[in-house]
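Okay, structure first, notes after.
Each reported figure results from applying straightforward, stated rules to the coordinates on display, with no laboratory input. A quick note: this is a predicted structure, and the numbers were derived from the prediction, not measured. Reconstructed Cβ throughout: ideal geometry from the backbone, glycine too, with neighbour counts over all protein chains shown.
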Amino acid sequence: MTTMNTMQRRPLGRSGLQVAPLALGCNVFGWTADERTTFALLDAWTEAGGNLIDTADMYSTWVPGHVGGESETLIGRWLAQGGGRRERIVLATKVGKPMGAGRQGLSAAYIREAVDASLRRLRTDHIDLYQSHDDDERTPLAETLGAYAELIRAGKVRAIGASNYSATRLLEALRVSAEQGLPRYESLQPLYNPIDRQAFEAELEPVCVEHGIGVINFYGLAAGFLTGKYRKPEDVGASPRGDSVVKRYLNPRSLAVLAALDAVAARHGCPVGRVALAWQIARPSVTAPIASATSLAQLAELVAATTLVLTAEDIAQIDAASAWR
């Protein structure tokens with residue numbers, strides 16, 4: 001397997017955390033990746049130089065019979081094997097999305113409850129990056145940030161981040177942090193890839209650049225569409241989420257973006273997904289795109305994307321095909 005150059009590690013906002021240029025998404029752990037596969041993927045990821053792994057307490061509540069915590073639980077079992085595993089990773093998880101029986105949101109009381117549950121599942125005494133999974137407009141920002149301040153003081157959390165926040169709310173949170181001396185969101189997790197560009201680039205990206213906020217965007221491969229495995233309606237069976245991917249992305253614009261990625265991939269003699277991730281890694285505002293894998297072969301492709309250097313011509317071709325203004 002290709003090895004990431006550890007000298008390429010990037011600062012995650014002003015948190016002091018240093019991360020490799022790609023994050024491993026753990027939403028598949030306990031769902032389409034069983035325990036044995038999860039352990040193999042995490043071992044291979046760290047051996048290749050990857051260090052940021054991103055999960056959430058609610059992974060994978062969407063699976064019949066699951067209650068949430070499945071991904072965190074498997075990561076915890078992997079960490080429990082020891083061997084320096086905890087020291088090799090930057091562990092990111094999230095709180096706020098529904099976990100059943102009214103357990104959701106960003107109230108101080110719920111955050112205190114949820115972080116302890118995550119720590120138990122993860123079998124660790126601290127979370128490196130604890131993220132608000134969704135904005136909670138019913139809870140004052142000062143209450144949420146104050147709860148995070150308590151966790152940081154207690155050593156349970158090193159830094160905090162936001163996911164799925166609008167630019168307006170992110171700016172408001174930064175203002176509250178500055179005015180009240182509370183921890184600030186050091187990272188943002190937005191939807192972003194060569195197809196889904198507008199929401200991030202139009203409003204969120206300028207905020208992140210101005211305030212030095214790290215960006216760890218999700219759907220780096222557009223739920224698999226940017227690997228090229230969905231090119232016609234009949235490809236719906238290519239994965240368990242094929243139906244939703246085809247409905248969302250199989251359209252003329254997305255196919256034009258895929259064609260541009262195909263052309264660049266042909267020049268470099270590599271798979272199209274590698275190019276899609278390399279394009280994101282090359283964007284100055286992006287710290288580390290998030291992508292997941294369910295096999296060692298898929299993981300090798302993710303790692304290889306971190307060493308692919310696109311030319312100005314490559315980037316311009318992809319930019320033109322995916323332009324939104």
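Of all DSSP beta bridges located in the chain, what percent are antiparallel, nearest 5? Expressed as a percentage, antiparallel bridges in the chain total about 10.
Return the tail of the calculated pair distribution for segment 20-133, meaning the percent of Cα-Cα pairs more than 20 Å apart. Everything past 20 Å amounts to 36 percent. Relative to the Cα centre, the charge distribution of the chain, modelled as +1 at Lys and Arg Cβ and -1 at Asp and Glu Cβ, gives a dipole magnitude of about 300 debye. Derived scalar couplings between HN and Hα for segment 181-193 equal x, 9, x, 10, 5, 9, 9, 10, 10, x, 5, 6, 5 Hz in order, rounded to whole Hz, by the Karplus curve 6.51 cos²θ - 1.76 cosθ + 1.60 (θ = phi - 60°), x for Gly and Pro.
With the charge dipole of segment 70-184 set up from +1 on Lys and Arg Cβ and -1 on Asp and Glu Cβ about the Cα centre, the Cα lying farthest toward the positive end among the listed residues 148, 129, 106 is that of 129.
Normalised by the residues of segment 172-292, what does the relative contact order come to in percent, with Cα pairs under 8 Å and at least six apart? Can you show the working numbers first?
Numbers: 151 pairs, mean separation 34.6, N = 121.
Reported as a whole number, the value is 29 percent.
Charge dipole (Cα centre; +1 on Lys/Arg Cβ, -1 on Asp/Glu Cβ; no other charges) of segment 68-165 amounts to roughly 460 debye. Note on residue 229: lysines with a C-alpha under 23 Å away, same-chain residues under 8 apart excluded, are 247. Per-residue ellipticity at 222 nm computed for the chain from its helices equals -12500 deg cm²/dmol, with DSSP H segments shorter than 4 residues left out and the rest contributing -39,500 (n - 2.57). Set against the 2.2 N^0.38 Å expectation for a compact globular protein, the chain has a Cα radius of gyration ratio of 0.96.
Membrane-span-like helices of the chain, defined as complete DSSP H segments with a Cα extent of 30 Å or more along the helix axis and a mean Kyte hydropathy of at least -1.0, are absent.
Quote the relative contact order of the chain in percent (integer), defining contacts as alpha-carbon pairs under 8 Å separated by 6+ residues. The partial results should precede the final answer.
Values: 611 pairs, mean separation 64.1, N = 325.
Relative contact order for the chain comes out at 20 percent.
Look at the dipole of the chain built from charges on Cβ: of 239, 25, 45, the Cα furthest out on the positive end belongs to 45.
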